[in-house]
Amino acid sequence: MKHLGILFLLFLISCSNNKPPTLGVTILASPVSDRSLTPNLFTADNGTIYLSWLEKTEQQTEFKYSSLEKKVWTAPKLISAGNNWFVNWADFPSFIVNDDVLSAHWLQKRSEGTYDYDVRISQSLDQGLTWSESFIPHSDGIAAEHGFVSMLSLYDRQNFITWLDGRNTKSSGEHEHGHAGAMTLRAGIFDHQGNMTADWELDNRTCDCCQTAAAITDNGPIVAYRDRSENEIRDIYVTRRVNETWTQPKAVFDDNWEISGCPVNGPAIAARKNQVALAWFTAAKGYSEVKLAISSDAGENFEAPIIISQGKTLGRVGISILENGLVAMSWLETENDIADIMLAVFEFNGKEIIRQSIAQTSIERASGFPVMTHYGDQIILAWTVSQDGLSKVKSAEIVLNL
């Protein structure tokens with residue numbers, strides 16, 4: 001009987017050590033107004049996490065940011081403001097930090113045309129006290145669409161930028177939203193003084209209004225985007241900077257999604273050393289799917305994708321690779337008029353550890369795209385709640401308990 005008691009005790013201890021994993025979610029007090037929208041997140045090399053967003057007033061649109069200190073967002077700081085900005089639920093500003101240089105981009109209308117706008121970049125060298133006069137990274141000078149920007153910090157206070165460029169969609173003398181050619185994918189590098197030190201065309205025919213995504217591997221930058229073939233196949237492609245040369249763009253997977261218009265649903269990408277994780281939305285089979293693909297060779301090759309959600313997903317994906325090598329991924333799932341912001345954590349081989357609804361928002365475009373970043377194994381998620389004509393940015397800290 002004594003031995004049976006010991007065995008039973010060991011069994012209980014074993015059971016207590018096999019608790020299922022959980023996600024601890026802490027909603028963070030928001031530093032924003034009830035007219036805030038389009039959040040974005042960035043983690044600096046020193047681990048500081050930044051939240052940026054837009055706020056609408058009666059007179060103008062204001063671009064602000066805050067940093068997370070001891071789980072509290074600091075008082076907002078103003079980057080810039082204007083009354084001629086292009087404000088869009090899917091094409092939103094970004095903010096990055098590179099050493100002592102802060103850089104931020106927004107979209108500003110060039111002319112009376114609704115879709116004629118430029119990317120504008122401003123920088124601060126004094127911790128956000130003052131900001132430089134903005135500059136335009138694209139040199140075409142054409143009143144056309146320029147947007148869906150991704151920016152990354154590089155070395156020596158230089159930054160990488162990629163964007164969708166509509167210079168070829170306008171014929172000479174055209175002033176309205178017309179299309180003479182295709183949208184292109186371009187990229188460049190700019191320094192802390194606002195000088196463009198490189199400029200490339202990466203793809204001469206892309207989807208018109210799906211977000212770009214970019215990450216840094218040990219080999220260099222990798223850019224993900226939605227391509228557009230002559231036959232209107234719009235699948236996710238990547239191109240990489242290897243040995244000072246951009247690789248030929250290639251599909252991550254042949255979904256073969258034929259669609260005549262833009263689905264406004266770009267990919268998300270994350271990298272850690274030469275590990276790459278990429279998430280995207282497709283409806284190639286006639287119903288919605290969210291997929292995850294991983295690469296162990298800096299994006300040169302991807303494993304067959306894993307289907308994460310089917311049927312009820314809106315896409316709008318986000319992704320991070322945590323310091324422990326796990327992959328965190330977010331997306332939207334719908335039920336009636338409600339959208340659940342889902343978060344799942346996977347081993348790098350794609351084995352799912354846990355998935356959970358983090359918060360709810362609406363299915364309307366005004367709810368925008370949830371965004372994600374991390375530091376160590378801490379995940380920060382930000383999203384927009386839209387109701388009764390007002391919108392407010394919210395955020396949460398998420399910790400995986402194994």
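Taken together, the values in this text are just the output of simple stated rules run on the coordinates, not laboratory data. Source: prediction; values computed, not measured. Cβ coordinates were reconstructed from backbone atoms using ideal geometry, including for glycine residues, and neighbour counts include every protein chain displayed.
Ordering Lys394, Lys273, Lys64, Lys109 from the fewest to the most neighbouring beta carbons within 10 Å gives Lys273, Lys109, Lys394, Lys64. Charge tally around Val149: other residues with Cβ under 13 Å, Lys/Arg +1 each, Asp/Glu -1 each, net -2.
A convex hull fitted to the Cα coordinates of segment 16-151 yields 157 cubic angstrom per residue. Going by alpha carbons, how many degrees (0 to 90, nearest 10) lie between the helix axis of 2-16 and the longest principal axis of the chain? Helix 2-16 sits roughly 10 degrees off the main axis of the chain.
For segment 387-393, the Karplus equation 6.51 cos²θ - 1.76 cosθ + 1.60, evaluated at θ = phi - 60°, returns couplings of 7, 6, x, 10, 9, 9, 7 Hz by residue, with Gly and Pro reported as x.
Put simply, when 126-135, 249-258, 29-38 are sorted by average Cβ atoms within 10 angstrom per residue, most first, you get 29-38, 249-258, 126-135. Charge tally for Thr239 (other residues, Cβ to Cβ under 9 Å; Lys, Arg +1; Asp, Glu -1): +2.
Pop the C-beta distance of Thr247 and Arg205 into the FRET formula with R0 = 22 Å and round what comes out to the nearest 0.05.
0.85
Once C-alpha pairs closer than 8 Å and six or more residues apart are averaged by separation and normalised to the residue number of the chain, the relative contact order reads 13 percent. The simple Förster model, with R0 at 22 Å and r as the Cβ-Cβ distance, assigns Ser111 and Glu133 a FRET efficiency of 0.60. In this structure, the amide hydrogen of Gly194, modeled 1.01 Å from its nitrogen in the peptide plane, lies closer than 5 angstrom to no residue at least 5 positions away or on a different chain.
Gain on full extension, evaluated as 0.36 nm per residue between Ile307 and Glu347 minus their Cα-Cα distance, stands at 12.9 nm.
With the simple model of a label 7 Å out from the Cα in the direction of the Cβ, Glu258 to Asp140 spans 2.8 nm. Each label point was placed 7 Å from the Cα along the Cα-to-Cβ direction; for Arg355 and Thr48 their separation is 3.7 nm. At R0 = 25 Å, how high is the FRET efficiency between Asn401 and Ala75 if r is their beta carbon distance? Nearest 0.05 is fine. The computed FRET efficiency comes out at 0.20.
Our coupling estimate for segment 56-67, obtained by passing each phi through the Karplus curve with A = 6.51, B = -1.76, C = 1.60 and θ = phi - 60°, is 9, 10, 5, 9, 7, 10, 10, 10, 10, 8, 8, 10 Hz, Gly and Pro reported as x. For the pair Asn84 and Asp337, the difference between a 0.36 nm per residue extended length and the Cα-Cα distance amounts to 87.9 nm.
Working note: 222 nm ellipticity from helices only, DSSP H runs with n ≥ 4, each -39,500 (n - 2.57), summed and divided by the residues of the chain, gives -1000 deg cm²/dmol to the nearest 500.
Taking the fewest neighbouring Cβ atoms within 10 Å as the starting point, the ordered list for Val371, Val276, Val87 is Val87, Val371, Val276.
Other residues with beta-carbon under 11 Å from the beta-carbon of Tyr375 carry, at +1 per Lys or Arg and -1 per Asp or Glu, a net charge of -4. When the C-alpha to C-alpha distance is required to be over 25 Å, the pairs from Lys64/Lys394; Lys64/Lys312; Lys71/Lys394; Lys56/Lys394; Lys250/Lys273 that qualify are Lys64/Lys312. Spin-label model, Tyr155 to Asp191: label points 7 Å out along the Cα-to-beta-carbon direction sit 1.6 nm apart.
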